[in-house]
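Notes follow the structure.
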Amino acid sequence: MRHMWDRPDGLLEVEAPAVPRGCTNKAAKRVEDDSMRDSPSSYFAYTPGMTTTIKVTNDVRDRLKAQATRAHRTLGEHLAHLADLADREGRFEAMRQAIAITAPEAMESYSNEVAGWEQLDRD
């Protein structure tokens, strides 16, 4: 895997699949669907490991590089890790919202079921 470098203009080079502007290939636009990456009709089948440039301030770039270095990751790996953390937080927030709107009767039923399983666990 190649390492990232900083540029004097404050841009980061990030190893990531990039979809060119104006690309109409639907498979190329479905970044979240990993099964499409190996499809012969996929843009990704022909362009593994392309890089893209993202604009960030020098301060943010330096902070990200320092964090990545401390974690023994490349900058691209670190950005992927941060994206994973944000996705995880989104899932937990959705769960918190679902719990908040759950009917009291359903919560009581859940609590009773949990108590029953915990009692079995203690025996």
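Under a 5 Å amide H to amide H cut-off, with H placed in plane at 1.01 Å, what residues pair with T51 once short-range neighbours are removed?
Those lying under 5 Å, H to H, from T51 are A16.
Looking only at the stretch 59-100, which residues have a backbone nitrogen under 16 Å from a spot 7 Å from the Cα of T52 in the C-beta direction?
Within reach of a label on T52: 76-84.
With the cut-off at 1.5 for a/c, could you classify the stretch 63-123 from its C-alpha gyration tensor as rounded, prolate or oblate?
Note, shape of the stretch 63-123 comes out oblate.
What is the spin-label model distance, in nm, from L85 to V60 if the labels are put 7 Å beyond Cα along the C-beta direction?
Reported label-point gap for L85 and V60 is 1.5 nm.
We did not get these values from a lab; they are worked out from the coordinates using the rules stated. As the structure is a prediction and not an experimental result, all values here were calculated from the model. Virtual Cβ from ideal backbone geometry, glycine too; neighbours counted across all protein chains shown.
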